[in-house]
Amino acid sequence: MRLCGEIEVRDREETLINLDPIQSGGRLTADAMKAVIAYGDGYSVCDACGKPFRLDHIKKPPLDAFHRDLAAFVNMDVARVVPGARRGFQAVTHTLVEPGQPVVLTALSHYTAFLAVESAGGVPREIPADGDHRITGEAAAATLEAVTREFGSAPPLLMVDHFDYQFGNEHQVREIAKAARQYDVPVLYNGAYSVGILPVDGKALGVDFVVGSGHKSMAAPAPSGILATTGEYAGEVFRTTGIRGDRTGRTFGVKEVEMMGCTLMGATVMGLLASFPHVRERVTRWEPELENARLVSDALASIEGTTILSEVPRNHTLTRTDTTGSFDGVARRHKKKGYFLTSALKDRGIGGLFPGATRVWKYNTYGLTRRQAEHVASAFREIARENSIAVR
Ligand SMILES: *Cc1c(COP(=O)(O)O)cnc(C)c1O
């Protein structure tokens, strides 16, 4: 079926249980879908924009209150909406990092964290992960010490994921922030895989910036996200313009430089806003999500030759598994090769995994009902048995 021209209808969420690792937390709520349609036109939220002409001051729709709610949601003082977590990182690196200065991130950091460092001319220094693929406070302290010695002064920024994108492992943010405090280094908390799906308290974690992704974890359209900070850093990262036209003498009021004035002016911010009441409520239901994640990871682990590469028991719904010793053996003798698994799952109404992958792959159970999680768990077991792999 076509929407129009060559554009096909997208029905992945309607026709399959979607285990795509990056898509589950960004599925729109019905309210967000309505908002996207109603506010799809270009600068739609600017209908009632008035002095001082800035997105976070608009009262109709209630974006001013929304900005305050977002800050409170992650227990920080000031928040802005940004076009993706990556633009949140970039606003911070551009504010704090001078060319040639080191930025501490981790061996599991996302490429967008690296690019944010690069775009500011910074030099990356990674905190190593331990043998269980976890970033500890101890390793952070050691890296901060080494970097301070190497560069002759402490780094201007440390960026750390609460849950990384490779394993979905939980990292010691509180301890890492404590170590950074000793070196007077501000900490950016990357909540791309947490803000919007589980409770996040920036003050309790002791971090200076909280970044979230609207399209990854807040049931919003792309590109959207949030950047929240403390009163201490708000004046810096959200500094207002001071530039003046040399001929016209024009100045630009209270536009914020790192936000390029305004950020999300239509469907994106309205999707974020419309989903927010649901998102605020759903973070309190993280426990059942973990139960579902464990149900599926237990099922995989019960298949001979399969290992869960992420930490076990799972503390997140994103999981990395290695089926080299199970499904990959089948793939090598199967006429469909690696696609046998994709195909066997599809026959059971399950999709979203990397097509053809049978060695190391990731999946995300976020948002499944218990019945769907049980179905996924038994599907993996069934496919194993059908292909003569022992299931414990
Ligand atoms: C997805 C992801 C990002 C990028 O988020 P965007 O909102 O798409 O910019 C950054 N960091 C981590 C850990 C991620 O998983």
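Read the figures in this text as sums done on the coordinates, not as results from a lab. No experiment lies behind these values; they were computed from the predicted model shown. So basically every Cβ, Gly included, is an ideal-geometry build from the backbone, and we count neighbours across all protein chains shown.
Say each of VAL360 and TYR339 gets a label point 7 Å from the Cα, pointing the same way as Cα to Cβ; how far apart are those two points in nm?
About 2.6 nm, to one decimal.
Non-local amide H neighbours of GLU258 (under 5 Å, H modeled in plane, Pro and chain starts lacking H): which ones?
Here ARG239 satisfy the definition.
List the extent of the Cα atoms of segment 262-386 along each of their three principal axes, largest first, rounded to whole Å.
Principal-axis extents of the Cα atoms in segment 262-386, largest first: 54, 28, 24 Å.
For GLY225, enumerate residues with amide H under 5 Å from its amide H, sequence gap 5+ or separate chain, H modeled in the peptide plane.
VAL82, GLY84, GLY214
What Kirkwood hydrodynamic radius do you get for segment 1-120 when you take the inverse of the mean 1/r over all pairs of distinct Cα atoms, in Å?
By the Kirkwood definition, the hydrodynamic radius is 18.2 Å.
Quick one: length gained pulling THR251 to ALA65 fully straight, 0.36 nm per residue minus the C-alpha distance?
Result: 64.3 nm gained on full extension.
Alpha carbon centre of segment 320-345 versus segment 162-217: separation in Å?
Using only Cα atoms to place each centre, the spacing works out to 35 Å.
I need two numbers for segment 241-292: Rg to one decimal and Dmax as a whole number, Cα atoms only, in Å.
19.9, 64
Can you give the helix-only mean residue ellipticity at 222 nm for the chain, where every DSSP H stretch with n ≥ 4 adds -39500 (n - 2.57) and the sum goes over all residues, rounded to the nearest 500 deg cm²/dmol?
Per the formula, -11000 deg cm²/dmol.
Which ³J(HN,Hα) values, rounded to whole Hz and listed in residue order, are derived for segment 234-247 from phi using the Karplus coefficients 6.51, -1.76 and 1.60 in 6.51 cos²θ - 1.76 cosθ + 1.60 with θ = phi - 60°, glycine and proline given as x?
Once θ is set to phi - 60°, the couplings for segment 234-247 become 4, x, 7, 6, 10, 4, 8, 5, x, 7, 9, x, 6, 8 Hz.
How far is it, in nm, from the label point at ASN315 to the one at ASP347 when both lie 7 Å from their Cα along the line to the Cβ?
Result for the modelled spin labels: 3.9 nm.
In percent, what relative contact order does the chain have, based on Cα pairs under 8 Å that are 6 or more apart in sequence?
21 percent
Taking segment 154-263 as the region of interest, what is the percent of Cα-Cα pairs per 5 angstrom bin, listed from the shortest bin to the one with the maximum distance?
Calculated over all Cα pairs of segment 154-263, the distribution is 2, 11, 18, 19, 17, 13, 9, 5, 3, 2, 1 percent.
What is the log10 of I(q)/I(0) for the chain, computed with the Debye formula using one identical point scatterer on each Cα and no solvent, at q = 0.13 Å⁻¹?
-1.11
Taking a cut-off of 26 Å between Cα atoms, list the lysines near LYS178, but don't count ones fewer than 8 places away on the same chain.
LYS178 reaches LYS203.
Can you sort TYR193, TYR366 by how many other beta carbons sit within 10 Å, fewest first?
Ordered by Cβ neighbours within 10 Å, fewest first: TYR366, TYR193.
Along the principal axes of its C-alpha atoms, what lengths does segment 187-332 span, in descending order and rounded to whole Å?
So the three principal-axis extents are 73, 37, 30 Å.
Counting residues in segment 6-65 as N, plug N into 2.2 N^0.38 Å and put the Cα Rg over that result.
Here the Cα radius of gyration is 1.55 times the empirical estimate.
Taking R0 as 30 Å, what FRET efficiency do you get between ILE243 and MET1 from their Cβ-Cβ distance, rounded to the nearest 0.05?
For R0 = 30 Å, the calculated efficiency reads 0.05.
Would you mind ranking GLU258, GLU118 so that the residue whose beta carbon has the fewest other beta carbons within 10 Å leads the list?
Result, fewest neighbours first: GLU118, GLU258.
Among GLY196, VAL173, VAL237, whose Cα sits farthest toward the positive end of the charge dipole of segment 169-248 (+1 at Cβ of Lys/Arg, -1 at Cβ of Asp/Glu, about the Cα centre)?
VAL237
Over segment 50-265, what portion of Cα pair distances is larger than 29 Å, expressed as a whole percent?
Roughly 24 percent, once rounded to a whole number.
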